[in-house]
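What follows is a single structure, written as structure tokens, with notes after it.
The values are calculated or read from the model by the stated rules, or taken from the named source; none is laboratory data. In this text, all values refer to a predicted model and were calculated from it rather than measured experimentally. Calculation scope for accessible area: heavy atoms of the full protein, side chains included, ligands and nucleic acids excluded. Shrake-Rupley method; radii C 1.70, N 1.55, O 1.52, S 1.80 Å.
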Amino acid sequence: PVTRKGSGRWLEGRWGLGPMAMRRYRLYLPPGAGKRRPAPLLLFLHGCQQDTASFAASTRIASFARQKGIAVLMPEQAQEANPQRCWNWFGNEHMVALEARILMAIVDHVGNTEPVRTDALFAMGLSAGGAMSATLALRYPDRFRAVASHSGAVASSARNLLQAGQAMRGRRAPDVEVIYRQLAGQTAPPLLIIHGDRDPVVNTA
């Protein structure tokens, strides 16, 4: 870990569901976080063609987290799982479910080993990370206090690459029956949508 007095500390690790389903991650712990005062946890998901180091630097997430006293967990997508480093928010059910399970396994691992509160868990992501954050909220609604998506496509709106492109252009609606089935009678957590009206990649429709 890289530690700076008074500014919190970064930790690096690797976790998942087995040898073929592992992801690297970075974890920021704010000053004062410890066993007696565990910090609320933000799951922060990068977009396509990004890594956690550049995403952390470009968003200045450590500065925000330090001010708010929260921990930030940043998993990193593997190129073996997606050549463009996109989170697999679309695809067949097995692929999407596996991706979601891997991310939640990392959350639970960090919760068991570091001074963070998984009972005060939030998620936010950019682009594919935003779509994946919404996907997690639908699949694990009881785990999250709130979720935000920045420039992300609608969750449960695509089962293959062609449909994903259509969804990103606003030409495909989410599968409501699938969403109801995922929620299984539970209430989805509050969702914040952040999207520019001139986004050239993901349509706001």
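Listed values, structure above:
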| item | result |
| --- | --- |
| Principal axes of the stretch 13-133: Cα extent on each, largest first, Å | 42, 29, 20 |
| Rounded to whole Hz, the Karplus (6.51, -1.76, 1.60) HN-Hα couplings of the stretch 39-55, x for glycine and proline | 9, x, 10, 10, 7, 10, 10, 6, x, 5, 6, 10, 10, 5, 5, 5, 5 |
| Three-way shape call for the stretch 106-178 based on the alpha-carbon gyration tensor, with the a/c threshold at 1.5 | prolate |
| Amide H contacts of Cys48 (H built 1.01 Å from N, under 5 Å, at least 5 apart or other chain) | Ala128, Gly129 |
| Selected from Met132, Met20, Met104 as most flexible by GNM, with the chain as the system and alpha-carbon contacts under 10 Å | Met20 |
| Percentage relative contact order, the chain, counting C-alpha pairs under 8 Å, at least six apart | 19 |
| Prolate/oblate/rounded label for the stretch 1-74 (Cα gyration tensor, a/c 1.5) | oblate |
| Rounded accessible area per residue of the chain, 1.4 Å, Å² | 54 |
| Value at 222 nm in deg cm²/dmol, rounded to 500, when DSSP H runs of n ≥ 4 in the chain each add -39,500 (n - 2.57) | -9500 deg cm²/dmol |
| The chain - Debye-derived log10 I(q)/I(0), Cα point model, q = 0.15, 0.16 Å⁻¹ | -0.91, -1.03 |
